[in-house]
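The values are calculated or read from the model by the stated rules, or taken from the named source; none is laboratory data. From a predicted model like this one, the values you see are computed outputs, not experimental measurements. Every residue, glycine among them, receives a Cβ derived from its backbone with ideal geometry; neighbour counts consider all protein chains shown.
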Amino acid sequence: MRKLEDFMRDNRDDFDSELPSLDLWDKIESKLEKKEKGKHKFLKIASAVAAVLVLAILGTYMLQPQSDNNRYANISDPELKNLLETEAFYAQKVSLKVGEIQKCYKVHPELKMDIENDLNELDTMYRELEKDLDDNLYNREVIEAMIQNNRFRLEMVDRVLNQINC
């Protein structure tokens with residue numbers, strides 16, 4: 001190894017006789033600029049998408065429990081209040097799980113239509129129950145039906161998440 005180093009040092013001038021062309025660095029810099037521009041564009045888009053997702057999730061998470069709590073604040077019956085809190089709990093869990101499934105559409109876009117159709121059917125039933133509850137807040141049967149609907153939706157989204165493993 002020492003002999004190689006001595007040889008390199010002794011013959012350094014012979015190695016430095018060739019110089020690269022002047023436009024070589026210009027070519028290298030132009031390629032680097034293109035890569036950096038693409039990288040910055042991707043980072044801008046990714047950060048914008050992440051910000052939108054965070055705002056959507058926070059909005060869903062923050063608004064739903066507040067509206068339910070304010071809506072049911074004047075109920076004095078503890079059993080009815082407990083049912084309504086249970087319904088709100090399941091609704092929140094379903095909302096979070098649906099958000100997880102929607103993230104999986106990027107990996108499995110072919111599943112979107114089937115899953116959305118099933119979820120929309122249950123969601124339509126849930127919205128009808130909500131309308132019934134607005135008409136008569138003290139109707140235990142409607143609240144129990146809403147809880148059951150949320151349980152079905154939660155079971156369905158859990159099964160989907162387990163099956164697609166994303």
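Quick test for you: out of Met146, Met125, Met156, pick the one residue that is aliphatic (A, V, I, L, M) and under 22 Å from the mean Cα position of the chain (by Cα). Break it down stepwise before answering.
Numbers: Met146 fails: under 22 Å from the mean Cα position of the chain (by Cα); Met125 fails: under 22 Å from the mean Cα position of the chain (by Cα).
One residue alone meets the criteria, Met156.
Inclusion of Met113 among residues that are free of Cβ contacts under 8 Å to residues at least 24 places away in the same chain and of a type in the set (A, V, I, L, M) is warranted.
Condition first: under 15 Å from the mean Cα position of the chain (by Cα), closer than 15 Å to Asp158 by Cβ and at pLDDT 80 or above. Can you find one or more residues in the stretch 76-93 that meet it? Outline the logic, then answer.
Filtering the stretch 76-93 for residues under 15 Å from the mean Cα position of the chain (by Cα) gives 93.
Now restrict to residues that are closer than 15 Å to Asp158 by Cβ: 93.
Then keep just the ones that are at pLDDT 80 or above; that gives 93.
So far as the stretch 76-93 goes, yes, one or more of its residues are under 15 Å from the mean Cα position of the chain (by Cα), closer than 15 Å to Asp158 by Cβ and at pLDDT 80 or above.
No other residue among Glu155, Glu141, Glu87, Glu79 is of a type in the set (D, E, K, R), under 24 Å from Ala56 (Cα atoms) and surrounded by fewer than 17 Cβ atoms within 10 Å (Cβ to Cβ) apart from Glu155.
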